[in-house]
2 protein chains.
Amino acid sequence: MTDPIDFYFEFSSPYGYFASERIAALADKHDRAVSWKPFLLGAAFKREGTQSLVSYPLKGPYSKRDIERTAGYLGLPFVWPPGFPILTVHAARATLWTQENAPDRAVDLIHALYRRLFADGVDIGHAGDVVAVAEDVGLDPIAVESGMKSDDIKARLRTETDAALDRGVFGSPFFIVDEERFWGADRMDMLDAWLTRGGW
Amino acid sequence: MTDPIDFYFEFSSPYGYFASERIAALADKHDRAVSWKPFLLGAAFKREGTQSLVSYPLKGPYSKRDIERTAGYLGLPFVWPPGFPILTVHAARATLWTQENAPDRAVDLIHALYRRLFADGVDIGHAGDVVAVAEDVGLDPIAVESGMKSDDIKARLRTETDAALDRGVFGSPFFIVDEERFWGADRMDMLDAWLTRGGW
């Protein structure tokens, strides 16, 4: 069995959402698994000296338009949530807890969180929002809520985020396969070609 | 006749080079002309509060790799010039002068400058380097040299760069067609689809 595609994503990233809808089919095509890796992009911004796309004077308005256009190009539903960018620490922690304690529900939870945020345009920034989505995908809301608030999971998210940055991850989505790095939903065609041809 | 595709490029941008090799075929396909628009990306970095890709701690090494890989993906020759990023004010001024005084040679000059820099890996930062390339494409080296050093052309490059920024251009390559903006060599497929479908 070949190594999985490590798929790093920040829940606040619309391009991460687009990638989340397409990565499984791409991986299947190449007989690879997907390792779903939530992390906090803010930590990468801090290390890089960058900031959220939408906060730049020219790149900001462009990116908003590009995100809407990309949704159309890819045929995916998209609605801006209020207050973008949103707080995603709870969503990321709930995902990590679910990956450990109910792994067969974890990918469903990721899709449900991303779709609530960017297909329905509903904020998932509060812990209660995340727990409600978790319950929708069949998880025990009390177990999720207590798990995502545990010191263990809080520490885990910091560790996972640091590990991502140490592997060179600086944006969302980000893919690493066989130590080759691909940044952006717009690199998925190249990732596909790379897996087909084994490089250039 | 429909409006041309405004193609903004900075000579120091490898992605601008990649786009310069592909934009004419894309425009032809849609019965559009290309309006070739050199500008100075440094002015955009200044306005945005950003910097050259390669100067970021994580994005820098990634981008170097991505540029080499993109060349392979697109089947274009690529060699890093020494001292990247290079000074491009002379290349941009020579292009503006040629567009006005020998317009039928201007696109050849752009290709020759970009290829000298990124296919051969030879610096074009000094005025003498640019004049030599101009001579190679059949321009009068004395006329080019005096033209590119004229106050008129120096002022023109500032005006063109300011006009680009005022239209929202913040990176290279950048395309504007029918007031729709596309940033990056990796948006050319979307630009193609946009021109085919007329939007989403």
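The values are calculated or read from the model by the stated rules, or taken from the named source; none is laboratory data. Every value quoted in this text rests on a predicted model; they were computed, and no experiment measured them. Neighbour counts are summed over all protein chains in view; Cβ atoms, including those assigned to glycine, are modelled from backbone coordinates with ideal geometry. When the accessible area is computed, the model is the full protein with side chains, heavy atoms only, and any ligands, DNA or RNA have been set aside. Shrake-Rupley method; radii C 1.70, N 1.55, O 1.52, S 1.80 Å.
Can you give me the ranges of the helices (runs of 4 or more DSSP H) entirely in region B:26-145 with at least 3 residues that are within 30 Å of residue A:199 (Cα to Cα) and among the acidic types (Asp, Glu)? Give the steps one after another, and end with the answer.
Numbers: elements: B:41-48, B:59-74, B:89-101, B:103-118, B:127-136.
Hits in region B:26-145: none.
Condition test on residue B:45, is it under 17 Å from the mean Cα position of the chain (by Cα) and free of Cβ contacts under 8 Å to residues at least 40 places away in the same chain?
yes
So residue B:14 ticks every box in (1) in contact with a Ser or Thr (Cβ under 9 Å, 6 or more places away or on another chain); (2) within 14 Å of chain A (Cβ to nearest Cβ); (3) buried (at least 17 other Cβ atoms within 10 Å of the Cβ) but one. Which box is left unticked?
Unmet condition: (2).
Just give me the residues in region A:101-120 being within 14 Å of the chain's Cα centre (by Cα) and open to solvent by less than 70 Å² (accessible area, probe 1.4 Å), in sequence order.
The initial filter retains those residues of region A:101-120 that are within 14 Å of the chain's Cα centre (by Cα), namely A:106-118.
Selection gives A:106, A:107, A:108, A:109, A:110, A:111, A:112, A:113, A:114, A:116, A:117, A:118.
Which residue, of B:48, B:21, is more than 9 Å from every other protein chain (Cβ to nearest Cβ), acidic (Asp, Glu) and touching a Lys or Arg at 6+ places or on another chain (Cβ under 9 Å)?
Working: B:48 fails: more than 9 Å from every other protein chain (Cβ to nearest Cβ).
Going through B:48, B:21 in turn, just one is more than 9 Å from every other protein chain (Cβ to nearest Cβ), acidic (Asp, Glu) and touching a Lys or Arg at 6+ places or on another chain (Cβ under 9 Å): B:21.
For region B:155-200, enumerate the residues that are of a type in the set (Lys, Arg) and buried (at least 20 other Cβ atoms within 10 Å of the Cβ).
Scanning region B:155-200 gives B:181, B:187.
When you go through B:122, B:137 one by one, which is the residue that is without any contact (Cβ under 8 Å) to a residue 60 or more places away in the chain and within 15 Å of residue B:12 (Cβ to Cβ)? Walk me through it before giving the result.
Values: B:137 fails: within 15 Å of residue B:12 (Cβ to Cβ).
B:122 is the lone residue from the list that is without any contact (Cβ under 8 Å) to a residue 60 or more places away in the chain and within 15 Å of residue B:12 (Cβ to Cβ).
Can you tell me which condition residue A:152 does not meet? The list is (1) in a helix (DSSP H, G or I); (2) surrounded by 14 or more Cβ atoms within 10 Å (Cβ to Cβ), and all the others hold.
Evaluating residue A:152 over (1) in a helix (DSSP H, G or I); (2) surrounded by 14 or more Cβ atoms within 10 Å (Cβ to Cβ) leaves (2) as the failure.
May I ask you to say which residue of B:33, B:43, B:112 is touching a Ser or Thr at 6+ places or on another chain (Cβ under 6 Å) and among the hydrophobic types (A, V, I, L, M, F, W, C)? Step through it out loud before you land on a result.
Details: B:33 fails: touching a Ser or Thr at 6+ places or on another chain (Cβ under 6 Å); B:112 fails: touching a Ser or Thr at 6+ places or on another chain (Cβ under 6 Å).
The unique qualifying residue is B:43.
Answer yes or no: is there a residue in region B:77-86 that is away from every other protein chain (no Cβ under 12 Å), at pLDDT 95 or above and open to solvent by less than 60 Å² (accessible area, probe 1.4 Å).
Yes, region B:77-86 contains a residue that is away from every other protein chain (no Cβ under 12 Å), at pLDDT 95 or above and open to solvent by less than 60 Å² (accessible area, probe 1.4 Å).
Within region B:38-48, identify whether any single residue is open to solvent by 60 Å² or more (accessible area, probe 1.4 Å), hydrophobic (A, V, I, L, M, F, W, C) and closer than 23 Å to residue A:46 by Cα, and answer yes or no. I'd like the intermediate steps shown before the answer.
Going residue by residue through region B:38-48, those that are open to solvent by 60 Å² or more (accessible area, probe 1.4 Å) are B:46-47.
Filter again for hydrophobic (A, V, I, L, M, F, W, C), leaving none.
Checked region B:38-48: no residue is open to solvent by 60 Å² or more (accessible area, probe 1.4 Å), hydrophobic (A, V, I, L, M, F, W, C) and closer than 23 Å to residue A:46 by Cα.
What's the total number of residues in region A:156-198 that are among the small types (Gly, Ala, Ser) and facing another protein chain (nearest Cβ under 8 Å)? Explain how you work it out, then say what you get.
Going residue by residue through region A:156-198, those that are among the small types (Gly, Ala, Ser) are A:163-164, A:168, A:171-172, A:184-185, A:193, A:198.
Next, from what is left, pick out any that are facing another protein chain (nearest Cβ under 8 Å): A:168, A:171, A:184, A:193.
Matching residues across region A:156-198 total 4.
Hey, among B:123, B:136, B:66, B:129, which residue is crowded, with 21+ Cβ neighbours inside 10 Å and not basic (Lys, Arg)?
On the way: B:123 fails: crowded, with 21+ Cβ neighbours inside 10 Å; B:136 fails: crowded, with 21+ Cβ neighbours inside 10 Å; B:129 fails: crowded, with 21+ Cβ neighbours inside 10 Å.
Only one candidate passes the filter, namely B:66.
Could you count how many residues in region B:24-45 are of a type outside the set (Phe, Trp, Tyr) and within 11 Å of another protein chain (Cβ to nearest Cβ)? Please lay out each step first, then the result.
So in region B:24-45, the residues of a type outside the set (Phe, Trp, Tyr) come out as B:24-35, B:37-38, B:40-44.
From what's left, within 11 Å of another protein chain (Cβ to nearest Cβ): B:44.
Residues meeting the conditions: 1.
State whether the residues of region A:177-197 include one that is hydrophobic (A, V, I, L, M, F, W, C), assigned to a loop (DSSP other than H, G, I, E, B) and under 22 Å from residue A:41 (Cα atoms). Please lay out each step first, then the result.
First, the residues of region A:177-197 that are hydrophobic (A, V, I, L, M, F, W, C): A:177, A:182-183, A:185, A:188, A:190-191, A:193-195.
Checking which are assigned to a loop (DSSP other than H, G, I, E, B) leaves us with none.
No - not one qualifying residue is present in region A:177-197.
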